[in-house]
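Asks: Quick one: structure below, then a few questions.
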Amino acid sequence: MAEQAQFEELARQLSAVGAVKRDMGRILPPDCPAGSAAVLTLLGRHGDMRMSKLAELLSVDMSVTSRHVAHVAARGWIERSPDPADKRSRILRLTPEGIRQLDELSRRTSHLLAERLSDWTDDEVGQLIGLMSRLRASFGDCRSGPGRPAAAPVLEETTRTPAST
């Protein structure tokens with residue numbers, strides 16, 4: 001097991017990841033904040049879903065999810081249609097415009113990462129992806145706390161990952 005000093009340094013390095021996320025957030029279009037980008041990314045990755053599933057994947061409550069969904073729906077990036085299994089629920093799905101927006105987000109993010117990591121080898125990028133995936137899996141569902149079991153983790157894919165997922 002790692003020593004205390006290593007965990008302290010890891011905590012400092014993880015705090016610095018916030019600067020990386022802020023830099024990635026700066027490349028998002030003005031009408032697509034990080035929460036909206038996350039909604040588009042998850043719908044692109046997992047397909048059509050109920051808002052409750054989206055809230056679970058975002059690890060936020062329904063009121064926050066509802067605001068994000070309203071924002072992307074107002075821009076025509078998603079549509080909400082009745083759930084055939086439960087008419088009280090809605091199924092969220094990307095529209096063609098939403099797919100174009102998601103592709104633009106992916107292009108911008110990939111370009112920034114390629115630029116900033118241009119002196120990294122493919123193996124180094126692969127190691128970072130593997131270690132970050134393992135770190136996230138070790139934490140499980142970020143909403144879980146002491147005494148609550150962690151849900152099965154949702155591992156990120158390396159494609160189509162705009163700034164906020």
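The values are calculated or read from the model by the stated rules, or taken from the named source; none is laboratory data. Since this is a predicted model, take the numbers as computed values, not measurements. Quick reminder, even Gly has a Cβ in these numbers, built from the backbone with ideal geometry, and neighbours come from all protein chains shown. Remember, those area values only see protein heavy atoms, side chains included, never the ligands or the DNA or RNA. Shrake-Rupley method; radii C 1.70, N 1.55, O 1.52, S 1.80 Å.
Asks: Pairs needed: first member in the range 13-32, at negative phi; second member anywhere, outside any helix (DSSP H, G or I) and at pLDDT 90 or above; C-beta distance under 7 Å; at least 6 residues apart or different chains.
Replies: Asp31/Arg75
Asks: If you go through the range 50-70, how many residues are assigned to a helix (DSSP H, G or I), of a type outside the set (A, V, I, L, M) and open to solvent by 30 Å² or more (accessible area, probe 1.4 Å)?
Replies: Residues flagged as assigned to a helix (DSSP H, G or I), of a type outside the set (A, V, I, L, M) and open to solvent by 30 Å² or more (accessible area, probe 1.4 Å) within the range 50-70 amount to 7.
Asks: Hey, does the range 71-90 have a residue that's within 28 Å of Gly140 (Cα to Cα), open to solvent by 20 Å² or more (accessible area, probe 1.4 Å), aliphatic (A, V, I, L, M) and not in a loop (DSSP other than H, G, I, E, B)?
Replies: no
Asks: Sticking with this structure for a sec: Quick check, is Arg45 modelled with pLDDT of 95 or more and under 28 Å from Arg136 (Cα atoms)?
Replies: yes
Asks: With (1) closer than 24 Å to Ser89 by Cβ; (2) free of Cβ contacts under 8 Å to residues at least 12 places away in the same chain; (3) out of contact with any strand residue (DSSP E or B) (no Cβ under 7 Å at 6 or more places or on another chain); (4) of a type outside the set (D, E, K, R) as the list, and Ala73 as the residue in question, which single condition is left unmet?
Replies: For Ala73, the exception is condition (3).
Asks: State the number of residues belonging to the range 91-109 that are touching a helix residue (DSSP H, G or I) at 6+ places or on another chain (Cβ under 9 Å) and open to solvent by 80 Å² or more (accessible area, probe 1.4 Å).
Replies: 0
Asks: Moving to a separate point now. Among residues belonging to the range 110-133 that are closer than 19 Å to Lys21 by Cβ, outside any loop (DSSP other than H, G, I, E, B) and in contact with a Leu (Cβ under 9 Å, 6 or more places away or on another chain), point out the one that is most open to solvent (accessible area, probe 1.4 Å).
Replies: Leu128
Asks: Any chance the range 13-36 includes a residue that's surrounded by fewer than 18 Cβ atoms within 10 Å (Cβ to Cβ) and of a type in the set (S, T, N, Q)?
Replies: Yes: one or more hits.
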